[in-house]
1. Roughly what angle does helix 92-114 make with the longest principal axis of the chain, taking Cα atoms, 0 to 90 degrees, to the nearest 10?
2. Give the Rg/Rh ratio for the range 21-63, taking Rg as the radius of gyration of the Cα atoms and Rh as the Kirkwood radius, to two decimals.
3. Nearest 20 debye, what's the magnitude of the dipole of the range 5-114 about its Cα centre given +1 on Lys and Arg Cβ and -1 on Asp and Glu Cβ?
4. Tell me, which longest segment in the chain has none of the trypsin sites (Lys or Arg not before Pro) that fall in DSSP loops with at most 15 further Cβ atoms within 10 Å?
5. Could you point to the residue in Ile96, Ile75, Tyr38 farthest towards the positive end of the chain's charge dipole, with +1 and -1 charges on the Cβ of Lys/Arg and Asp/Glu respectively?
6. Would you kindly work out the equivalent ellipsoid of the chain from its C-alpha gyration tensor and give its semi-axes, the square roots of five times the eigenvalues, largest first in whole Å?
7. Search the structure for amide H atoms under 5 Å from the amide H of Phe41, placed 1.01 Å from N in the peptide plane, and list their residues when 5 or more places away or on another chain.
8. Going by alpha carbons, how many degrees (0 to 90, nearest 10) lie between the helix axis of 71-82 and the longest principal axis of the chain?
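Bear in mind that the values in this text are calculations on the coordinates, not laboratory data. None of the values given here were measured: they were computed from a predicted structure. Reconstructed Cβ throughout: ideal geometry from the backbone, glycine too, with neighbour counts over all protein chains shown.
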Amino acid sequence: MIFFFGTRATSVLTELVPNLSCQYCGEQRMYLVISSRYFHFFWIPMFPIGKSTYTVCNHCKQTLSINQMPQEYRIAIADQAAKAKTPVWQFAGLMIIGVCIAVPILIGIIAKITH
């Protein structure tokens, strides 16, 4: 039997960071990008496994992850990064499994009550 599983990432937040210039080219249009990784089984998202935070310069495309950013970048993005929540749909597989377990139990309880 073949099982298709693995990880994928999706963008949770892409937002322009005001008053932040690129340390390489000096461009004022820096974007904050937060992506969420999740485990999938047969392409059904099961559960999230982490987030990645990075900035991207609109001009030179320099990308800096959170551990590469200077302190001024981290301060500038702190408020915006707090808004990025993990999407509920990334728990879809766990919800399906929960329903598949709960429904037979509820049917059994109802059957006992009615007899």
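1. Helix 92-114 sits at roughly 20 degrees to that axis.
2. Values: Rg = 15.0 Å, Rh = 12.1 Å.
Rg/Rh for the range 21-63 comes to 1.24.
3. On the way: 9 positive and 4 negative charges, 59 e Å.
Value, rounded to 20: 280 debye.
4. Values: sites that count: Arg29, Lys61, Lys83, Lys85.
The segment 30-60 is the longest one with no such site.
5. Highest projection toward the positive end goes to Ile96.
6. Numbers: eigenvalues 385, 49, 16 Å².
They are 44, 16, 9 Å, listed from largest to smallest.
7. Long-range HN contacts for Phe41: Met46.
8. 30 degrees
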